[in-house]
Protein chains: 2
Amino acid sequence: MPPARLSTKLDYQSLLDKHDTWMFDCDGVLWNGDRLVDGAVKVLEILRSHNKSVLFVTNNATKSRPSYKKKFDKLGVEAHVDEIFGSAYAAAVYVSSVMKLPKDKKVYVVGMEGLEQELASEGISYIGGTDPADATLASFSLSSFTRDPAVAAVLCGLDTAINYTKLSKAFQYLQDPATTFLVTNDDSTYPAEGGLLPGAGAISAPLKTASGREPLSIGKPAKTMLDCIKAKHNFDPKRTIMVGDRLNTDILFGQNGGLSTLLVLTGITHIEDIEGPNASTIVPEYVTNSIGDLRILA
Amino acid sequence: MPPARLSTKLDYQSLLDKHDTWMFDCDGVLWNGDRLVDGAVKVLEILRSHNKSVLFVTNNATKSRPSYKKKFDKLGVEAHVDEIFGSAYAAAVYVSSVMKLPKDKKVYVVGMEGLEQELASEGISYIGGTDPADATLASFSLSSFTRDPAVAAVLCGLDTAINYTKLSKAFQYLQDPATTFLVTNDDSTYPAEGGLLPGAGAISAPLKTASGREPLSIGKPAKTMLDCIKAKHNFDPKRTIMVGDRLNTDILFGQNGGLSTLLVLTGITHIEDIEGPNASTIVPEYVTNSIGDLRILA
């Protein structure tokens with residue numbers, strides 16, 4: 001069944017009536033880089049004025065929730081830290097609540113400060129990450145490496161300070177099959193100001209290739225992310241809608257969790273990706289050009 | 001048919017008689033890291049004393065031929081620059097002789113000095129590589145990037161100074177389908193002193209993931225490497241043997257080129273990889289424990 005194209009006030013009114021909880025991807029939906037999507041702020045206000053729950057579900061793993069909130073503040077979008085679910089936070093919750101990592105064990109991190117902050121907030125010990133000792137482009141020798149026997153998992157997220165030392169150390173731990181291999185998310189790229197840049201899925205690719213192992217991915221479209229939200233918020237999946245711009249992350253995430261799905265065309269997906277001969281097999285329930293279209297409900 | 005296990009003097013004498021040209025992988029065959037394989041030097045002397053051609057065929061792409069020769073010198077192994085074929089050299093020959101890159105075009109390099117030296121020796125213009133401007137762990141912004149319209153190919157090899165800036169720039173070029181995507185070799189790991197480290201296949205993995213493209217691989221097992229050798233040396237494939245320690249690179253390379261193949265067990269392949277229920281589908285023609293076994297011919 002093709003997606004329902006929304007266009008009339010009645011369409012949007014019906015969508016509003018059917019859903020109590022609205023989950024939003026951010027980049028490509030509410031903003032593009034540092035540019036707000038026209039009408040996005042107004043639409044969030046309308047939802048809040050109708051007492052809808054608003055949650056922000058992002059695969060961004062470089063920022064902690066408090067740090068990510070600053071992005072909302074800067075763009076003038078109302079958001080509260082407990083409404084924000086990033087894949088860094090979800091990864092930390094996974095390690096503490098699902099893996100139940102013993103207190104004497106550690107995570108080896110390939111990632112940035114936000115990921116470390118979320119691990120720390122969940123009381124998880126870690127090494128690697130932004131450790132200045134590893135911030136080097138010098139060649140790496142195993143003779144200078146001592147394996148920390150407390151490391152029980154490798155967690156990799158987007159790391160724009162990636163280097164050979166970090167990859168080599170992570171790979172040493174991954175050669176032990178007992179080491180859990182986690183990635184915050186599998187996005188191959190992410191949209192930056194001026195174009196696409198390599199995403200977390202690209203940064204973890206050397207570890208997958210060298211180890212021959214497939215990691216467990218925490219972020220969208222994985223259900224792990226929804227489990228993390230469920231642990232913190234009550235919502236009825238049947239009355240929840242996921243709004244996103246990516247078919248293979250946002251829309252698939254909604255479908256995996258039994259949510260309604262609304263695709264917007266302000267991000268990476270174009271109309272020819274969902275209509276015509278080259279359409280994706282991932283079909284959203286609803287489509288609209290922009291989240292700003294819901295302003296009609298004001 | 002299972003491989004022939006060599007053990008008697010007659011076995012080795014027959015092998016010697018059948019082959020005029022002996023191609024050797026180096027690491028895992030002649031040495032392991034900085035440790036010579038017992039008897040390797042003597043066996044090369046025996047081959048030379050019988051007027052055999054000796055060639056060294058390595059996927060190492062971090063060193064130019066003259067620089068790689070220093071490794072032989074250091075370990076006391078006789079070798080001449082024109083007997084050494086590395087994947088860096090083969091990649092340069094591919095770009096100049098097969099691609100026939102016009103003189104006004106350039107290669108964007110992800111790789112090390114040896115790769116640059118081989119490109120320069122073939123008269124190929126390049127950017128990237130060890131450019132100090134890109135040797136940074138600072139975050140990368142597309143606003144500071146100006147695409148060089150002369151770049152017609154991205155060439156990626158093992159780069160132990162890999163970083164996000166290099167990956168991001170290479171990825172910008174690869175988003176243009178007209179840009180040729182080459183990798184020196186696809187080895188996921190390589191043996192270093194003390195264990196395995198991520199190889200060229202791991203370093204190029206982020207570019208494959210981000211671009212969704214499959215590169216052309218130059219090194220073993222690709223036939224491109226043999227074409228490069230053919231351009232420089234006369235040999236009869238029917239009277240040529242490839243000696244190596246890796247089934248999916250060395251042995252497959254020999255088979256792809258119609259050569260005889262001899263597997264040695266001093267490197268990455270163990271006897272259970274070629275015998276029993278978990279044996280590989282890549283079956284060498286001959287197997288011996290070590291190249292040193294041929295000392296029996298002295």
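The values are calculated or read from the model by the stated rules, or taken from the named source; none is laboratory data. These numbers were taken from a predicted model, which means no experiment stands behind them. Cβ: placed from backbone, ideal geometry, glycine included. Neighbour counts: every protein chain shown.
Screening B:Ala90 against (1) small (Gly, Ala, Ser); (2) surrounded by fewer than 16 Cβ atoms within 10 Å (Cβ to Cβ); (3) within 16 Å of the chain's Cα centre (by Cα) leaves a single unmet condition, (2). Scanning the range A:170-186 for residues that are more than 10 Å from chain B (Cβ to nearest Cβ) and touching a helix residue (DSSP H, G or I) at 6+ places or on another chain (Cβ under 9 Å) yields A:Leu174, A:Thr179, A:Thr180, A:Phe181, A:Leu182, A:Val183, A:Thr184, A:Asn185.
Considering only residues in the range B:116-159 that are within 20 Å of A:Asn163 (Cβ to Cβ), part of a loop (DSSP other than H, G, I, E, B) and of a type in the set (Asp, Glu), the one that is farthest from the other protein chains (Cβ to nearest Cβ) turns out to be B:Asp131.
Within the range B:90-97, not a single residue is part of a loop (DSSP other than H, G, I, E, B) and in contact with a Gly (Cβ under 7 Å, 6 or more places away or on another chain).
Here the range A:210-223 is the region considered, the condition is being within 10 Å of another protein chain (Cβ to nearest Cβ) and not hydroxyl-bearing (Ser, Thr, Tyr), and the residue that is surrounded by the fewest Cβ atoms within 10 Å (Cβ to Cβ) is A:Gly212. Within the range B:171-192, the set of residues being among the acidic types (Asp, Glu) and over 18 Å from A:Ser211 (Cα atoms) comprises B:Asp176 only.
Among the conditions (1) within 13 Å of another protein chain (Cβ to nearest Cβ); (2) touching a residue at least 40 places away in the same chain (Cβ under 8 Å); (3) crowded, with 23+ Cβ neighbours inside 10 Å; (4) not in a loop (DSSP other than H, G, I, E, B), A:Cys228 misses just one, which is (1).
Among residues of the range A:160-183 that are under 14 Å from A:Pro149 (Cα atoms) and aliphatic (A, V, I, L, M), those with a Cβ under 8 angstrom from a residue that is surrounded by fewer than 22 Cβ atoms within 10 Å (Cβ to Cβ) and modelled with pLDDT of 95 or more, sequence gap 6+ or separate chain, pair up as A:Leu174/A:Phe181; A:Leu174/A:Arg213; A:Ala178/A:Ala152. I'd like the full set of residues that are closer than 27 Å to B:Thr160 by Cβ and either among the aromatic types (Phe, Trp, Tyr) or more than 19 Å from the chain's Cα centre (by Cα) (or both), limited to the range B:17-35. Those that are closer than 27 Å to B:Thr160 by Cβ and either among the aromatic types (Phe, Trp, Tyr) or more than 19 Å from the chain's Cα centre (by Cα) (or both): B:Phe24, B:Trp31, B:Arg35. Can you pull out the residues in the range A:48-87 that are touching a Leu at 6+ places or on another chain (Cβ under 6 Å), β-branched (Val, Ile, Thr) and either surrounded by 22 or more Cβ atoms within 10 Å (Cβ to Cβ) or closer than 27 Å to A:Ile203 by Cα (or both)? Residue satisfying the conditions is A:Thr62 alone. Return yes or no: is A:Ser125 among the polar types (S, T, N, Q) and touching a Lys or Arg at 6+ places or on another chain (Cβ under 8 Å)? Against the criterion (among the polar types (S, T, N, Q) and touching a Lys or Arg at 6+ places or on another chain (Cβ under 8 Å)), A:Ser125 qualifies. Exactly one residue out of A:Ser168, A:Ser143, A:Ser211 is of a type in the set (S, T, N, Q) and out of contact with any Leu (no Cβ under 7 Å at 6 or more places or on another chain): that is A:Ser143. Residues that are among the aromatic types (Phe, Trp, Tyr) and either under 21 Å from B:Thr160 (Cα atoms) or in contact with a helix residue (DSSP H, G or I) (Cβ under 8 Å, 6 or more places away or on another chain) (or both) do not occur anywhere in the range B:69-78. Taken together, the residues in the range B:38-72 that are under 19 Å from the mean Cα position of the chain (by Cα) and assigned to a helix (DSSP H, G or I) amount to 8. When A:Leu182, A:Leu207, A:Leu197 are checked against the criterion of being part of a helix (DSSP H, G or I) and crowded, with 19+ Cβ neighbours inside 10 Å, A:Leu207 stands alone in meeting it. The lone criterion from (1) out of contact with any Gly (no Cβ under 7 Å at 6 or more places or on another chain); (2) at negative phi left unmet by B:Gly194 is number (2).
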